[in-house]
């Protein structure tokens, strides 16, 4: 496995133990000069990944960016890396754990946290790793993600603005349901939301834990930013996704389902029903020679 002088510091372990899984928190790490994140290494990584695993666009956009208005620079992924100082782009390389060296790094990082994560949300499911590369002053619009996420700042500076997960003022129930049915991750942002933002100013050696579906947006600093994101699903995140899918079906029947968390017994009944339904569906698909859904739920 990749040798790492420092993973997360003891203070980072204490901070995560106090916050996980519901609250964001700042962490610290020792990967700022790791050789997997040099420009040459990232250019090679970009060249090795399938096109479907790389996303890039013009990064000087508003916080409230309409996904349909996103502009893509006419460059290949390696060209984006080479010219990131001046091309105004934001870039993410997804599922980099398919490259052995990054897989080793992801495995080592998550293994160091398993004793904190497991007792609270169960075993780590579907670990994935992402590399973010951002030109000076880029913005990542207001959005949410379905995983537990720790973003480690490797080079440059950025501010991650994190909002409370589960707030129906920030994200209405219907938006959660649409998200789990494939809607775009970007969300509507309003100035009134700013009172609920918690900013994390990140420089090399800093990290931030972002809870499942906690809305957030990112303002890059005046230099290129490189970040490494380690994510995982859990029984908690899996159950939360199932609740919204079931609630959507109930809403289609004209019912007004309770919000997740309002009735824990009803929540558990919905989750068990959805897991049972999916298990039967997967069994039938296998029997018919069809590929079952490759999702946690």
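Bear in mind these aren't lab numbers, they're just calculated from the coordinates by the rules spelled out. This one's a predicted model, so the numbers in the text were calculated from it and none came from an experiment. Here Cβ is always computed from backbone atoms with ideal geometry, including for glycine, and neighbour counts include all displayed protein chains.
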By count of other Cβ within 10 Å, fewest leading, how are 272, 126 ordered?
272, 126
Arrange the following residues from fewest to most other Cβ atoms within 10 Å of their Cβ: 128, 169, 147, 223.
169, 223, 128, 147
Computed E for residue 196/residue 115 - FRET, C-beta separation, R0 45 angstrom, nearest 0.05
0.90
Using only the Cα atoms of the range 32-189, build the gyration tensor, take square roots of its eigenvalues as a ≥ b ≥ c, and label the shape rounded, prolate or oblate: rounded if a/c is under 1.5, else prolate if a/b is larger than b/c, else oblate.
oblate
Length released on extending from residue 256 to residue 39, taking residue separation times 0.36 nm less the Cα-Cα span:
73.0 nm
Nearest 10, in degrees from 0 to 90: the angle of helix 235-252 to the longest Cα principal axis of the chain is 50 degrees
Expressed in nm to one decimal, what extension gain is obtained for the pair residue 68 and residue 22 from 0.36 nm per residue of sequence separation less their Cα-Cα distance?
13.4 nm
Points 7 angstrom from Cα along the Cβ direction at residue 265 and residue 184: gap in nanometres?
4.3 nm
Nearest 10, in degrees from 0 to 90: the angle of helix 10-19 to the longest Cα principal axis of the chain is 30 degrees
So what's the gap between the Cα centers of the range 105-181 and the range 192-261, to the nearest angstrom?
6 Å
Students often check this: by mean Cβ neighbours within 10 Å, which of 250-256, 9-15, 174-180 ranks highest, and how do the rest follow?
174-180, 9-15, 250-256
In degrees, nearest ten, helix 39-48 long axis to first principal axis of the chain (Cα):
50 degrees
